[in-house]
Amino acid sequence: MQLKAIVFDYGMVLSLSPTEDDWSRLASVFNVSVEQFQEPYWDLRLDYDRAVYTGQTYWFAVAEHLGKTISHADVHRLIAFDNEQWTKANPEMLEFAWQAKAAGLKIGILSNMQSDMLHAMRQRLNWLNRFDAQIYTCDIGSVKPEPEAYRAVLAALHVSAGESLFFDDKQPNIDGARAVGMHAELFEGETETAYQAVERLGVPLAERKCAD
């Protein structure tokens with residue numbers, strides 16, 4: 001079946017990974033180590049991404065799990081810090097996306113995403129509008145790797161699962177995409193692997209740029 005669309009996760013695919021300093025700044029609000037902080041941060045994240053939590057209730061829940069007390073002012077700081085660490089674009093993967101679009105492929109985003117982050121992204125990242133479809137889980141109430149999330153982006157792009165290729169940095173999300181019939185490749189930071197995946201599906205991209 002001919003490849004017609006590429007779907008990208010956002011965090012750590014279209015965006016760069018947060019730095020250790022980014023994580024330390026968040027953890028310092030609770031006066032805990034990065035390792036201690038990340039446990040409730042990730043454990044509670046999917047419910048934030050599916051809009052079970054608001055920004056305020058999420059950060060208070062993180063504080064409760066850490067045995068800490070935070071103020072409303074702290075919540076505003078945490079949201080700002082969190083937004084900043086996830087809104088740094090990955091220029092190499094964006095170049096890959098633009099080349100795919102120029103080659104006639106549709107491009108879409110499917111991301112586990114909470115509303116505070118999405119608001120910041122839409123304010124800061126003008127390039128989002130170049131994508132043919134954007135599906136964020138806070139808008140649909142379903143998260144990857146649940147099948148409904150993948151079906152939502154396929155419907156928005158008007159393609160079948162077998163006509164699409166999905167990139168994500170988490171193996172469970174890759175497994176979920178494959179379970180609904182999508183081609184899917186784990187992205188571990190090497191843009192070259194994205195070019196190779198598209199070429200294996202019969203769409204070599206012009207002006208290929210390899211990472212140094």
Some residue of the stretch 127-143 being of a type in the set (D, E, K, R) and within 20 Å of ALA97 (Cα to Cα): yes
Residue count for the stretch 37-63, restricted to those that are assigned to a loop (DSSP other than H, G, I, E, B) and surrounded by fewer than 18 Cβ atoms within 10 Å (Cβ to Cβ): 3
Top-ranked residue of the stretch 94-109 - restricted to ones that are surrounded by 17 or more Cβ atoms within 10 Å (Cβ to Cβ) and farther than 30 Å from THR54 by Cα, ranked as nearest to the chain's Cα centre (by Cα): ALA97
Among the residues listed as GLU188, GLU207, GLU199, the single one being modelled with pLDDT of 95 or more, over 16 Å from VAL7 (Cβ atoms) and outside any helix (DSSP H, G or I): GLU188
Test: residue in the stretch 66-84 that is in contact (Cβ under 8 Å) with a residue 12 or more places away in the chain, of a type in the set (S, T, N, Q), touching a Leu at 6+ places or on another chain (Cβ under 9 Å) and surrounded by 15 or more Cβ atoms within 10 Å (Cβ to Cβ): no
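A quick yes/no check of all residues on (1) assigned by TED's automatic domain parsing to the domain that holds MET12; (2) assigned to a helix (DSSP H, G or I); (3) at pLDDT below 95:
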site	(1), (2), (3)
HIS65	no, yes, no
ILE70	no, no, no
LEU110	yes, no, no
MET117	yes, yes, no
Some residue of the stretch 143-165 being aliphatic (A, V, I, L, M), under 14 Å from PHE8 (Cβ atoms), in a helix (DSSP H, G or I) and under 16 Å from the mean Cα position of the chain (by Cα): yes
Any hit, the stretch 18-36, residues being under 18 Å from SER111 (Cβ atoms), in contact (Cβ under 8 Å) with a residue 40 or more places away in the chain and either in contact with a strand residue (DSSP E or B) (Cβ under 6 Å, 6 or more places away or on another chain) or assigned to a helix (DSSP H, G or I) (or both): no
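The values are calculated or read from the model by the stated rules, or taken from the named source; none is laboratory data. Just so you know, these numbers come straight off a predicted model, no measurement behind them. Cβ atoms come from the backbone with ideal geometry, glycine included; neighbour counts cover every protein chain shown.
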